[in-house]
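The values are calculated or read from the model by the stated rules, or taken from the named source; none is laboratory data. On a predicted model such as this, the values are computed, not experimentally measured, just so you know. Heads up, the Cβs are rebuilt from the backbone with ideal geometry, glycines too, and the neighbour counts pull from every protein chain shown. Note: areas computed on protein heavy atoms with side chains; ligands, DNA, RNA excluded. Shrake-Rupley method; radii C 1.70, N 1.55, O 1.52, S 1.80 Å.
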Amino acid sequence: MVPKDNLEDFAGHKTDHHEVQVEYDYFKFHPMPEITDWMSQVVKDYPEVVTTVDYGQTYENRVISLLKIGLNTGEKKKAIWMDCGIHAREWIAPAFCQYFVREILHAYKTDPKMQTMMKNIDFYVTPVLNKDGYIYSWKDNTTRLWRKNRSPGPLGCNCSGTDLNRNFDAIWGSIGVSFNCCSQVFCGTHPASEPEAQAVTYFVGSRKEDFLCFLTIHSYGQLLLIPYGNPNYTASNYDELLKVGLGAADAIRSVHGMNYTVGTSPDVLYANAGSSRDWARLQGIPLAYTFELRDKGIFGFQLPEDQIQPACEEAYSGAMHIITYAHDKTFNAAVATAAATLWTMLLAVGVTGTTLM
Ligand SMILES: [Zn+2]
């Protein structure tokens, strides 16, 4: 039997004469207005699971929005964070956030595991966090490699832009940053001085106990970075972060054979302070990762469009490895406890044999 909703949808499309909906091309880079329209379309297409949340404003007064994806169960749910486009020029990142949304929504229709996850958790996905910078990077060839946001420098400085991924309140200013406003890694005038960093700080910080996982998507380098960027600090769950990260790298490799390196930023890239990943981990969010997507420097920030699909496919596999781990650790704990109890009972009655591993 066809559900009533589907019949209505079908009828609705048949009577819609004025516009034919063109399939969105996930394997092209899109300027900001097209991404904004895409967000509205996703909400229209999946009203039962997707809503938009406006949670801040950029320096140039653009609204920062995310897609909240999950089933409304009436219960308090756990959450997964993903943001893309904190650095303007890393265009593969927003492309990945859009692909990720498409894939989890497809899986929700077909895959019982995703249906379970949609009941237990909400996905909060920000396709473009640094909207001002992203728009600027689309302006012309001279601005294509813009990285920072677009706020003016401090009084007396002739350069604009703060590196948002050095601006978070996480051992701010301690290492791998610059206090020169003309630098690509200018960390701002104080922790969370920038409205884009404030938006994430407030939104995530005000519900931090809900978040199992914080994934922030960058390019390039093919790395999975774990906290912390300052080598004098070690995450209390470093072993878990590394193990799950290595599992994600295996998942990535299995898709197109690409190698991703896993480790702390100072171990595999460079030391830095004030990243959103470190901030999230300091808030108590256990599984905080920075993805540095393709490639390793041949095209760098200007990844050709024919690599969008494979780059997204493999990164999706890696992200889902981490997300599934986070989900199962939380929601299969009850099942695991029951299994352990049964095992103890079997041991007590001596039916397990002699080989225990
Ligand atoms: Zn970046």
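Considering only residues that are open to solvent by 10 Å² or more (accessible area, probe 1.4 Å) and within 16 Å of the ligand (Cβ to nearest atom), which ones fall in segment 96-108? If the condition is that a residue be open to solvent by 10 Å² or more (accessible area, probe 1.4 Å) and within 16 Å of the ligand (Cβ to nearest atom), then no residue fits.
One line per residue, one yes/no per condition, for (1) small (Gly, Ala, Ser); (2) open to solvent by less than 40 Å² (accessible area, probe 1.4 Å); (3) touching a strand residue (DSSP E or B) at 6+ places or on another chain (Cβ under 7 Å); (4) more than 16 Å from the ligand (Cβ to nearest atom):
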position	(1), (2), (3), (4)
THR162	no, yes, yes, no
ASN180	no, no, yes, yes
GLN184	no, no, no, no
THR189	no, no, no, yes
SER193	yes, yes, no, yes
SER206	yes, no, no, yes
PHE214	no, yes, yes, no
LEU223	no, yes, yes, no
SER265	yes, yes, yes, no
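Residues are listed down the side, and each one gets a yes or a no for (1) under 21 Å from LEU212 (Cα atoms); (2) open to solvent by 10 Å² or more (accessible area, probe 1.4 Å):
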position: PRO31; (1), (2): no, yes
position: GLU34; (1), (2): no, yes
position: VAL43; (1), (2): no, yes
position: TYR59; (1), (2): no, yes
position: ILE64; (1), (2): no, no
position: LEU71; (1), (2): yes, yes
position: LYS78; (1), (2): yes, yes
position: ILE86; (1), (2): yes, no
position: PRO94; (1), (2): no, no
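Looking for whichever is touching a helix residue (DSSP H, G or I) at 6+ places or on another chain (Cβ under 7 Å) and part of a loop (DSSP other than H, G, I, E, B) here; the options are ALA197, ALA170. Which one fits?
Working: ALA197 fails: part of a loop (DSSP other than H, G, I, E, B).
Going through ALA197, ALA170 in turn, just one is touching a helix residue (DSSP H, G or I) at 6+ places or on another chain (Cβ under 7 Å) and part of a loop (DSSP other than H, G, I, E, B): ALA170.
When segment 130-147 is filtered for residues that are in contact with a His (Cβ under 8 Å, 6 or more places away or on another chain) and in a loop (DSSP other than H, G, I, E, B), the ones remaining, listed by number, are ASN130, ARG147. Looking across segment 225-251, the residues that are outside any loop (DSSP other than H, G, I, E, B), open to solvent by 10 Å² or more (accessible area, probe 1.4 Å) and not basic (Lys, Arg) come down to TYR238, ASP239, GLU240, LEU242, LEU246, GLY247, ASP250, ALA251.
Has segment 72-79 got any residue that is at positive phi and out of contact with any strand residue (DSSP E or B) (no Cβ under 8 Å at 6 or more places or on another chain)? Give the derivation first.
Our first condition is that a residue be at positive phi; within segment 72-79, this holds for 74.
If we keep only those that are out of contact with any strand residue (DSSP E or B) (no Cβ under 8 Å at 6 or more places or on another chain) as well, we get 74.
Yes.
Counting only residues that are hydroxyl-bearing (Ser, Thr, Tyr) and either more than 23 Å from TYR233 (Cβ to Cβ) or open to solvent by less than 50 Å² (accessible area, probe 1.4 Å) (or both), segment 164-178 holds 1 of them. Taking every residue in segment 83-107 that is without any contact (Cβ under 8 Å) to a residue 24 or more places away in the chain and pairing it with any residue that is basic (Lys, Arg), at least 6 positions away or on another chain, the pairs with Cβ-Cβ distances below 8 Å are ALA107/LYS113. Among the residues of segment 103-128, the one identified as over 16 Å from ILE80 (Cβ atoms) and within 17 Å of the chain's Cα centre (by Cα) is VAL128. Residues in segment 286-309 that are within 16 Å of the ligand (Cβ to nearest atom) and over 27 Å from THR142 (Cα atoms): ALA288, TYR289, THR290. Taking segment 117-142 as the search range and keeping residues that are of a type in the set (Phe, Trp, Tyr) and touching a strand residue (DSSP E or B) at 6+ places or on another chain (Cβ under 7 Å), which one is nearest to ILE104 (Cα to Cα)? Checked segment 117-142; the qualifying residue nearest to ILE104 (Cα to Cα) is PHE123.
Figure legend. Inter-residue proximity from segment 268-292: first residues without any contact (Cβ under 8 Å) to a residue 60 or more places away in the chain, second residues in a strand (DSSP E or B), beta-carbon distance below 8 Å, spacing 6+ or different chains. Indicated pairs: VAL268/LEU223; VAL268/LEU225; VAL268/THR261; VAL268/VAL262; LEU269/LEU223; LEU269/LEU225; LEU269/GLU292.
Condition check for GLN283 on (1) among the polar types (S, T, N, Q); (2) more than 15 Å from the ligand (Cβ to nearest atom); (3) more than 11 Å from PHE214 (Cβ to Cβ): one failure, at (3).
Take the conditions (1) part of a loop (DSSP other than H, G, I, E, B); (2) in contact with a Ser or Thr (Cβ under 6 Å, 6 or more places away or on another chain); (3) modelled with pLDDT of 95 or more; (4) on the phi < 0 side of the Ramachandran plot; GLY188 misses just one of them, which is (4). Listed by first and then second residue, the pairs with beta-carbon distance under 8 Å, at least 6 apart or on different chains, first residue in segment 315-341 and farther than 16 Å from LEU225 by Cα and surrounded by fewer than 20 Cβ atoms within 10 Å (Cβ to Cβ), second among the polar types (S, T, N, Q) and modelled with pLDDT of 95 or more, are SER317/SER254; THR330/ASN120; PHE331/THR116; PHE331/ASN120. Among the candidates LYS113, LYS131, the residue that is in contact (Cβ under 8 Å) with a residue 12 or more places away in the chain, in contact with a Gly (Cβ under 9 Å, 6 or more places away or on another chain) and among the basic types (Lys, Arg) is uniquely LYS131.
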